[in-house]
Amino acid sequence: GRQRTLAMIKPDAAASEEEIVALAHRHGLRVVARRRLNLSPAEVRLFYREHRARPFFPSLVSFMTSGPVVALVLEGEDAVPAWRELMGPTNSQTARAVARASIRAQYGTDGQRNAVHGSDSPCSAQREVSFFFGARSLVPIQLRL
Ligand code: CMP
C-alpha cells in the first residue's frame, strides 16, 4: 500500500540533491516535505541513538555535522522498502559491486560516507519523520487529494 518514509541526503551528497530527487521520482516516490538544515552534534546523537555504542559513532557524528543535510518525506507504493532498494547496500563500495545503479553506488564513498539514509521500517519512518517535521502538520495520507 501507499506509505511514507524519511529519506535523508547526507552532507557528502547534498550538492546532488536534484539528481537524487529525480531518481526518487522516476521510481514512483514523490516529495511530500523537504527541509535543508545543518544538524548539531546533539541532534545527530539523538537521530542515530541506536548506534551510540558502535565504534564508528564519534566519526559518524563528525561526518553528519560536516555540512547541510536534506530531509525528505517520500510517499509512494511501499515507500519504505522502495527507497531502501533504490539506496542500495549501506557500504557504497559494496553497492558499486552489487547494485551499480543504486544511489549509494553512484553518490557515496564507503561504509560511512554513503550519500543517503532511509527508514528501515514503517515504525522508524514515523519516528524519523517526527524528528525532522514533528512541529508541522503533514496532511494525513488518506485525506490528501
Ligand atoms: P545509515 O543507513 O544512515 O545508518 C547508520 C549510519 O552509520 C550508516 O548509514 C553509515 O553512514 C554509518 N555506518 C554504518 N556502519 C558503519 C561502519 N561500519 N563504519 C562507519 N560508518 C558506518
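Read-outs throughout are calculated quantities, based only on the coordinates presented, and are distinct from any laboratory measurement. Predicted model, so just to flag it, every value in this text is computed and none were measured. Cβ placement follows ideal geometry from the backbone for every residue including glycine, while neighbour counts extend to all protein chains displayed.
A few points about this structure:
- Of all residues in the range 4-42, those satisfying the criterion of being in contact with a Ser or Thr (Cβ under 7 Å, 6 or more places away or on another chain) and either of a type in the set (Lys, Arg) or assigned to a helix (DSSP H, G or I) (or both) are Pro11, Asp12, Pro41.
- Given (1) part of a helix (DSSP H, G or I); (2) over 16 Å from the mean Cα position of the chain (by Cα); (3) within 13 Å of the ligand (Cβ to nearest atom), number of the condition Arg54 does not satisfy: (1)
- Inspection of the range 51-74 finds no residue satisfying the criterion of being surrounded by 15 or more Cβ atoms within 10 Å (Cβ to Cβ), in contact (Cβ under 8 Å) with a residue 60 or more places away in the chain, β-branched (Val, Ile, Thr) and over 19 Å from Ser130 (Cβ atoms).
- Single residue of Ser66, Ser62 found to be at negative phi and assigned to a helix (DSSP H, G or I): Ser62
- Out of Leu23, Leu60, sole residue that is of a type in the set (A, V, I, L, M) and over 18 Å from Ala105 (Cβ atoms): Leu60
- Output for the range 8-44, where each listed residue is within 23 Å of Leu60 (Cβ to Cβ) and without any contact (Cβ under 8 Å) to a residue 12 or more places away in the chain: Ala15, Ala42, Glu43
- Enumeration of residues in the range 86-138 that are among the polar types (S, T, N, Q), more than 14 Å from the ligand (Cβ to nearest atom) and farther than 21 Å from Val73 by Cα: Gln106
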